[in-house]
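Working notes for the structure below.
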Amino acid sequence: MKMKKWLSSVLVAGAVLTLATAAQAHVNVYPKETTTGSYEKYTVRVPVEKDVNTVKVKLEFPAGVKVNTVQPVPGWSYEFEKDKDGVNTALVWTATDGGIKAHEFMEFAFVGANPKEEGTLAWKAYQTYADGEVVEWTGDKDSKTPASVTTVKAGAGEAGHDHGHDAAAPAAAQAQAQEQAAASAGGSNTLPLVLSGLALLLSIVSLFRKKA
């Protein structure tokens, strides 16, 4: 009986490990959770599941995400795909020096402006191998080739702006202006006293000279 329980535990652990390994082997976009209206650095992790090099990676941007900035990667070139209005809709990385080898992975990063609405972002990716095969990571979460998903939750700021910082900046500027005004007022109040003292000192010196 104990042996059966032990075998069951081993099988369950093996299944969990297999599922976890399979999930990690997919093309994934991180982070998995972000906030509305913020600029986010996204990272695309691309593992190689075959004994053939990966030589091209294409990532389509979900609706509402604006991307204009990408981090260059040694050994790879990149190019934006645009729609008829000139808006960036996808990024394509192409290997210039062999690509990603078997049992290896690479990460590609870019900055995106998040939508202002809560929801989910499905990142459709296309992984091209040196033998010409293209794996489309565009399915739902239960498919063999799922698209990576990021959850967008409510955030305090809008893209490129943090309201807390915006409020603090005027307050800091106002405080600095008040300090400068106080210093200026202090200097103005001190000057008449200094001049009066000098005038009194000159009068005393002049008086003593006349007596002498």
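Details
- A count restricted to segment 1-55 and to residues that are part of a loop (DSSP other than H, G, I, E, B) and modelled with pLDDT of 90 or more stands at 13.
- Per-region count, segment 145-173, residues at pLDDT below 95 and farther than 16 Å from residue 32 by Cα: 18
The values are calculated or read from the model by the stated rules, or taken from the named source; none is laboratory data. Note that this is a predicted model, so its numbers are computed, not measured.
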